[in-house]
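Data first, discussion second: the structure below is written as structure tokens.
The values are calculated or read from the model by the stated rules, or taken from the named source; none is laboratory data. Here the structure is a predicted model, which means the values were calculated and not measured. Ideal geometry is used to build each Cβ from the backbone, glycine not excepted, and the neighbour counts take in all protein chains shown.
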Amino acid sequence: MRLLAENLSAHRGEDLIFSNISFELKEGQALILTGRNGSGKSTLLRVMAGLLRPASGTISFWYDAARKAHNLGEVAHYLGHRNAMKTELTVRENLAFWKDFLRDAAGGTGYSVVDAARAVELEQVLHLPFGYLSAGQQRRMSFAKLLVGYRPVWIVDEPTAALDVSAEALLARLMREHQVRGGVILAATHQPLELLDVKRLEMKGFEFAAGDED
Amino acid sequence: MSHAFYIYTSYGVTALITLAVIAWTLLDGRARRREMAELEAAGIRRRSSPPVTEGKQA
Amino acid sequence: MTESLAIRKFSDLANPTRFLALAERLLPWMAGLCCLLFAAGLYLAFTTEGDYQQGDTVRIMYIHVPAAWLSMMCYSVMALSAIGTLVWRHPLADVSHKAAAPLGAAFTLIALVTGSLWGKPMWGTWWVWDARLTSVFILFLMYLGIIALNRAMDDPSKAARVSSVLILVGFVNIPIIKFSVDWWNTLHQPASVIRMGGPTIDGEFLRPLLVMAMAYTLLFFTLHITAMRNEIWRRRIATQRRLAARTASREV
Amino acid sequence: MTALLLRDLKLSFRAGGGALIGILFFLTVVAVIPFGVGPDLNLLSRIGPAIVWIGALLAALLGLDRLFQADRDDGSLDLLLMQEHPLVLTILVKCLAHWLANVLPLVIASPLLGLFMNMSEVAIGAVMLTLLVGSPALAFIGAVGAAVAVTLPRGGLLVSILVLPLTIPVLIFGVSASYAAVEDPAPFLPPFLILVAITMFFAVIGPLGAALALRNAGD
């Protein structure tokens with residue numbers, strides 16, 4: 001398993017957010033993005049997930065030497081600032097929907113809904129509408145979404161925002177378990193996340209306009 | 001007598017709507033009762049669960 | 001004695017828990033009586049003589065007219081409850097007008113459909129834009145609007161206050177609507193419309209009509225109390241669920 | 001995909017869903033027409049099919065702006081975009097769910113409004129049939145508008161403005177087929193078949209356009 005990003009750069013409107021970012025990740029590795037607000041961490045993650053088109057550069061993902069994924073988004077989970085859960089539906093309905101919709105990528109199987117909820121230690125609230133949960137519980141439940149459908153790559157943007165210390169440790173543990181199973185993690189975070197085999201990338205950001213680049 | 005169709009239809013429709021409202025009210029009440037029972041069951045589990053979660057965290 | 005009973009009843013009603021207990025005791029009796037009245041009403045409706053002019057279609061009147069009465073009475077109940085919500089901020093009043101809205105819509109629908117089925121043999125058309133029919137139709141739309149408003153909002157007490165305002169504005173507006181529709185109608189169709197309730201009501205028709213009206217009214221109150229009970233339960237469940245969510249997070 | 005269909009249907013019918021509001025809007029719009037033109041039954045029965053069609057058209061556009069926006073607001077849209085299965089299919093399913101929950105009830109309610117408009121039984125049947133085959137096209141065209149306006153904060157009104165001109169062909173052939181059914185010289189089948197063709201055409205073009213718009217709306 002190999003994830004390769006070469007010479008990525010991205011614009012937002014007219015502004016160049018970042019340029020010439022390259023990195024390589026292998027099985028079980030994690031990339032932690034740091035940097036101040038507005039330095040382009042979220043933008044890079046969205047580019048990696050295929051939600052934004054990079055201005056230049058390529059992203060490629062190989063299952064093994066022979067097999068290459070069409071694009072990274074298909075083999076990745078993306079957990080952005082928003083939880084991607086419907087407040088009107090119960091937690092169980094939400095998770096069951098994503099399990100059914102996401103399916104499993106090649107190379108693994110997802111948890112059952114109950115197991116995923118148990119993994120984030122919230123199986124008691126499965127019957128409640130998602131909107132009834134507190135912000136921290138909602139975040140944990142949206143993390144359970146990463147467990148129900150298997151994806152080798154997790155792209156997580158500030159996963160531990162709005163969480164207390166114990167919940168933070170819980171999510172860090174789940175991410176480490178994912179790494180142990182051979183998964184790759186890309187995370188943007190302010191908090192020190194204890195992951196295994198970490199590569200760090202500090203995003204500097206650009207102060208000047210896009211025109212200066214050429 | 002030729003109007004029998006209209007009479008029976010209107011009684012039929014009335015019966016249908018009335019029964020629908022009654023059924024909806026009763027079923028709604030039953031669903032609420034079930035949810036309350038569910039919550040009660042969850043409550044019992046809530047009381048018994050602390051040792052389990054503690055065990056997990058340790 | 002009756003006075004003290006009334007006062008006790010009122011204070012009983014003021015408390016949702018007492019209301020639930022009272023409803024539990026009262027409902028079987030009301031439902032039973034309601035069934036009896038309906039049986040009697042239907043028996044009378046089908047055994048009395050038909051009108052010489054309208055033939056047997058007069059039997060439609062026995063279900064149509066009470067439904068039309070109720071459609072208005074239900075709105076009055078809702079308007080009273082709306083005042084209760086806005087002036088006394090009473091939680092039971094919130095529940096009351098929310099529970100009454102679908103019932104009102106159902107009775108209005110019955111009135112509309114049976115009116116239409118009565119009109120077809122009488123006028124040769126399913127619907128005329130007659131003042132009375134039109135007003136009832138507008139009332140139906142108002143009921144549906146209130147239901148939609150109630151469904152659209154999450155916070156029940158806020159929804160109750162907002163829909164109370166709508167109910168009261170509608171209540172004030174009903175006579176204006178009735179008047180303007182009347183005016184509009186006579187402007188366009190001078191005197192060509194056959195009025196509903198054409199037959200002069202004599203005792204022969206009055207008896208089944210009254211029995212049916214009583215049966216309908218009792219049905220309304222039975223359903224209303226049941227629906228109120230359901231609504232109170234629904235709110236308690238919502239509160240308990242929030243509580244459950246909070247407790248769950250405390251434990252972890 | 002079935003899961004997506006069921007989820008969207010559930011969301012439409014749960015509290016706060018738009019299914020009831022659309023049908024209420026339809027009723028209200030059609031019901032106020034007689035107050036404007038007068039209660040002349042002959043006139044009403046003449047303009048009835050057109051009024052019912054226009055009412056259904058406006059009501060069908062009502063909930064459309066939320067088609068993708070609701071998913072965008074909570075972040076679900078990102079996940080829908082990332083998947084391996086073709087986005088066009090996802091959008092087709094979402095359109096189908098929207099049609100089932102919001103537009104099909106309008107089709108079912110249309111005979112009732114036909115009665116209010118004093119239309120003949122044949123005319124009522126024709127309007128219902130043309131609405132049934134024509135209204136999916138409205139959902140598919142609307143999906144493009146909804147996708148274009150998905151990132152806009154006040155997209156609701158804009159969607160209607162963008163979409164209404166595009167729906168004119170549907171309206172033309174839907175209404176002319178309905179009239180052809182009651183007025184003798186005009187044949188019913190040609191406009192009806194064109195309407196079917198338009199629906200099938202937009203069933204392909206609509207999701208494709210919407211997919212393109214969503215891919216480019218990335219923010």
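Some notes on this structure:
- One residue from D:62, D:79 being among the hydrophobic types (A, V, I, L, M, F, W, C) and out of contact with any strand residue (DSSP E or B) (no Cβ under 9 Å at 6 or more places or on another chain): D:62
- Of all residues in segment A:122-136, those satisfying the criterion of being part of a helix (DSSP H, G or I), over 17 Å from residue A:170 (Cα atoms) and more than 7 Å from chain C (Cβ to nearest Cβ) are A:130, A:131.
Quick grid of which residues meet (1) in contact with a Gly (Cβ under 7 Å, 6 or more places away or on another chain); (2) assigned to a loop (DSSP other than H, G, I, E, B):
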site	(1), (2)
A:84	yes, yes
A:99	yes, no
A:138	no, no
A:141	no, no
A:144	no, no
A:147	yes, no
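- Verdict on residue C:110 being facing another protein chain (nearest Cβ under 10 Å), farther than 22 Å from residue D:40 by Cα and crowded, with 19+ Cβ neighbours inside 10 Å: yes
- Residue match in segment C:80-102 (condition: touching a Cys at 6+ places or on another chain (Cβ under 9 Å), of a type in the set (A, V, I, L, M) and more than 11 Å from chain D (Cβ to nearest Cβ)): yes
- Filtered by the rule that a residue be crowded, with 21+ Cβ neighbours inside 10 Å and more than 10 Å from chain D (Cβ to nearest Cβ), segment C:113-131 gives C:114, C:115, C:117, C:118, C:119.
- The residue that is nearest to the other protein chains (Cβ to nearest Cβ), counting only those in segment A:30-77 that are of a type in the set (S, T, N, Q) and closer than 22 Å to residue A:1 by Cβ, is A:71.
- Long-range neighbours under 8 Å by Cβ, at least six apart or interchain, first residue more than 8 Å from every other protein chain (Cβ to nearest Cβ) within segment D:1-30, second outside any helix (DSSP H, G or I) and aliphatic (A, V, I, L, M): D:30/D:117
- In this structure, residue C:58 does satisfy being surrounded by 21 or more Cβ atoms within 10 Å (Cβ to Cβ) and more than 22 Å from the chain's Cα centre (by Cα).
- Tally of residues being more than 26 Å from residue A:182 (Cβ to Cβ), in contact (Cβ under 8 Å) with a residue 24 or more places away in the chain and surrounded by 15 or more Cβ atoms within 10 Å (Cβ to Cβ) across segment A:43-95: 14
- Output for segment A:10-25, where each listed residue is of a type outside the set (A, V, I, L, M) and in contact (Cβ under 8 Å) with a residue 60 or more places away in the chain: A:11, A:14, A:15, A:18, A:19, A:23
- Sole exception among (1) over 22 Å from the mean Cα position of the chain (by Cα); (2) in a helix (DSSP H, G or I) for residue C:125, by number: (2)
- Identity of the residue in segment C:214-250, touching a residue at least 24 places away in the same chain (Cβ under 8 Å) and more than 20 Å from residue C:28 (Cα to Cα), that ends up nearest to the other protein chains (Cβ to nearest Cβ): C:238
- Segment D:169-219 - residue that is among the polar types (S, T, N, Q) and modelled with pLDDT of 90 or more and, of those, surrounded by the fewest Cβ atoms within 10 Å (Cβ to Cβ): D:176
- In segment C:32-56, the residues that are closer than 21 Å to residue C:221 by Cβ form Cβ pairs under 8 Å with partners that are among the β-branched types (Val, Ile, Thr) and modelled with pLDDT of 90 or more, at six or more places apart or across chains, as follows: C:34/C:222.
- Helices (runs of 4 or more DSSP H) fully within segment D:65-139 counting 1 or more residues that are more than 14 Å from the chain's Cα centre (by Cα) and surrounded by fewer than 19 Cβ atoms within 10 Å (Cβ to Cβ): D:66-73, D:87-98, D:104-116
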